[in-house]
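In what follows, a single structure is set out as structure tokens and then discussed.
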Amino acid sequence: MAARAMWKGSIKIGRTALAVKLYSAVQDKSVHFRLLHKTDKEPLKQHMIDPQTGDVVESADVKRGYIDDGGVIVMLEDEELEELEPEGSRDIEITRFVPRSALSHGYYDRPYWLAPEEGKGNYYALAEALEEEQRIGIARWVMRKKQYVGALVPEAGGLMLITLRHAGEVVEASSLEAPGGRALDKKELALAEQLISALQGEFDPDEWRDEYRDRLLEFIEKKSKGRAPKIRRLRPKKETTKSLEDVLAASLKAARKERKSA
Amino acid sequence: MPSHASAQRERARDETRSRAFWSGTITFGLVSIPVNLFPAVRSHGVALRMLNEDGVPLARRFFCPKQDREVADDEIVRGYEIEKDEYVVVTDDELEALEPRKSRDIDLRRFVPADEIDPIYFERSYFLTPAGESTKAYRLLGESLDQNKRAGIATFVMRGKEYLIAITAEKGIMRADTLRFADELRSAADVGLPKKLPKAKAADVTKMRKLIDAHAKAALAEAELADEYAEQLQKLVAKKERKHEDIYELPEEAEEAADDDADVIDLVEVLKRSLQSGEKSGPRKRARKAALRKRSTRKRKTAGKR
């Protein structure tokens with residue numbers, strides 16, 4: 001059963017427009033819990049309170065404010081905050097196209113599918129063109145009163161928008177200093193490289209499953225029927241006293257053996 | 001009962017570790033690399049606080065509607081709704097016990113070309129810092145990953161949730177990106193895209209390529225990833241401060257509460273210290289950790305400071 005579109009927009013590249021429908025590409029599969037009162041298992045309610053008096057403040061009476069470095073609080077009125085909201089628009093403005101490598105991983109946030117509304121020819125042509133060019137588009141749009149920046153990417157023959165984080169949010173490795181220490185041994189480096197080669201493969205997302213989630217749900221099912229399995233504590237790992245070189249060599253031997261028998 | 005001095009040293013060691021999102025071990029074949037995991041992403045610039053009409057910062061509390069009162073932390077449990085209004089309680093111990101023995105380690109058994117991972121899988125970015133006395137194994141793995149342009153793939157369980165992770169290295173610093181599992185992403189078919197995609201006309205593709213070329217650049221412009229909303233908000237705040245409009249003072253009790261917020265830690269500072277914390281042991285290391293602890297008890301900056 002097809003999902004419902006969250007929003008409708010129009011990809012704008014120069015004067016070219018492409019009507020699209022936007023869908024969330026993420027499905028939440030995580031196990032969600034509610035907070036309960038220990039004694040009567042009653043689901044708890046959250047309230048905002050004045051910590052000095054303990055009085056509950058209803059949401060209608062809650063104000064918003066900013067607290068600066070000096071501990072000064074500036075209260076902001078709802079009207080003032082509303083004025084800051086970006087103007088609504090259906091445009092997904094593409095400002096430029098850059099190579100895929102121009103964007104580091106840390107910036108990617110949430111993916112959305114774009115499905116064609118009309119002018120289907122252009123939609124698939126754009127997807128193919130982006131793939132051939134190995135480029136991504138940098139996009140700006142306003143959705144539900146929020147300003148977004150994202151990457152327009154080709155995906156499985158169609159198009160996706162992946163929202164991006166803001167410049168100040170991502171710490172770049174270039175702002176950090178690598179840990180120092182004695183120079184690395186050539187032999188150890190060679191062994192490490194060989195070990196990586198022995199364990200080489202392709203990234204196949206279908207190969208990986210969230211098994212913990214499955215076990216958790218199974219446990220919950222059993223517990224609800226009064227058949228909870230016993231709890232065992234994890235034992236701490238034993239430290240190895242072997243040299244790094246010996247350990248690498250042993251790993252390589254084991255990895256090669258495993259590959260052969262696979 | 002541990003001596004006061006050793007308890008202090010233990011606390012200092014824990015100081016760095018406790019700021020880390022997680023501490024554990026990367027296993028690479030039989031090699032064990034103790035690491036700390038830190039977020040590489042700061043929460044966005046301008047967090048607004050909830051206040052009452054007198055400007056007092058509010059706190060969040062939990063209430064039992066049945067008994068019509070606030071409940072303390074030790075009266076709270078987590079429950080899974082197995083049927084409508086029927087809950088099964090799951091304790092921290094149970095969540096932990098469900099982790100298989102090896103899941104506490106990030107066991108790298110597969111290496112893939114780093115640039116082959118589709119960006120739709122990237123969820124959250126973290127930095128890995130060496131947690132052991134020696135940084136050798138850390139640097140060795142980092143160097144090998146960087147040189148060969150590879151990502152190590154593994155799954156591990158942290159705080160009651162399983163993560164798929166890709167570990168890469170750049171200029172001697174290792175980072176970990178959590179990845180979405182395949183079933184957490186909707187397929188093209190799920191959003192109504194046809195299984196058999198129509199083939200685009202060659203002429204249309206050429207037209208699109210020309211359009212792309214006309215707007216092609218080598219990199220992003222710095223301004224493109226700016227947080228405009230945050231900038232506008234800062235301007236509004238500055239204006240109101242200048243005009244002394246709607247200004248309130250943080251009450252003393254609230255100051256202490258603010259210090260407990262996770263957001264107030266200077267992430268880059270903590271990362272820098274953690275990256276340099278290995279390979280030097282003895283009095284210097286202890287002194288550095290004591291300094292870190294001292295600095296943390298001073299009033300910290302709130303979220304929103306650039």
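Only one of the listed residues (B:R69, B:R101) is surrounded by fewer than 19 Cβ atoms within 10 Å (Cβ to Cβ) and modelled with pLDDT of 90 or more. That residue is B:R69. The residue of region A:176-195 that is farthest from the other protein chains (Cβ to nearest Cβ), among those that are assigned to a loop (DSSP other than H, G, I, E, B) and surrounded by 13 or more Cβ atoms within 10 Å (Cβ to Cβ), is A:D185.
Residue-wise test of (1) under 30 Å from A:F219 (Cβ atoms); (2) open to solvent by less than 60 Å² (accessible area, probe 1.4 Å); (3) over 27 Å from the mean Cα position of the chain (by Cα).
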| residue | (1), (2), (3) |
| --- | --- |
| A:K8 | no, no, no |
| A:I11 | no, yes, no |
| A:V20 | no, yes, no |
| A:H32 | yes, no, no |
| A:L36 | yes, yes, yes |
| A:D40 | yes, yes, yes |
| A:K45 | yes, no, yes |
| A:I49 | no, yes, yes |
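Considering each residue of region A:33-50 in turn, none proves to be in contact (Cβ under 8 Å) with a residue 12 or more places away in the chain, polar (S, T, N, Q) and either at the interface with chain B (Cβ under 8 Å from one of its Cβ atoms) or closer than 30 Å to B:L250 by Cβ (or both).
Comparison of A:A198, A:A173, A:A167 shows that the only residue that is more than 7 Å from chain B (Cβ to nearest Cβ) and either crowded, with 18+ Cβ neighbours inside 10 Å or at pLDDT below 90 (or both) is A:A198. Restricted to strands (runs of 3 or more DSSP E) entirely inside region B:94-139, those with at least 3 residues that are more than 7 Å from chain A (Cβ to nearest Cβ) are B:105-108, B:122-130. Take B:G79 and decide whether it is open to solvent by less than 40 Å² (accessible area, probe 1.4 Å) and under 27 Å from the mean Cα position of the chain (by Cα). So B:G79 passes the test. Mind checking whether some residue in region B:207-215 is closer than 14 Å to A:G157 by Cα, buried (at least 18 other Cβ atoms within 10 Å of the Cβ) and at the interface with another protein chain (Cβ under 7 Å from one of its Cβ atoms)? No, region B:207-215 has no match at all. Being at the interface with chain A (Cβ under 7 Å from one of its Cβ atoms), modelled with pLDDT under 90 and assigned to a helix (DSSP H, G or I) is a property that holds for B:E255.
Can you tell me how many residues in region B:140-161 are open to solvent by 10 Å² or more (accessible area, probe 1.4 Å), within 7 Å of chain A (Cβ to nearest Cβ) and either over 30 Å from B:E94 (Cβ atoms) or modelled with pLDDT of 90 or more (or both)? Total meeting the criteria: 3.
The values are calculated or read from the model by the stated rules, or taken from the named source; none is laboratory data. Computed from a predicted structure; not experimentally measured. When we count neighbours, we look across all protein chains shown, and the Cβ atoms used for this are built from the backbone with ideal geometry, even at glycine. Only protein heavy atoms, including side chains, enter the accessible area calculation; ligands, DNA and RNA are left aside. Shrake-Rupley method; radii C 1.70, N 1.55, O 1.52, S 1.80 Å.
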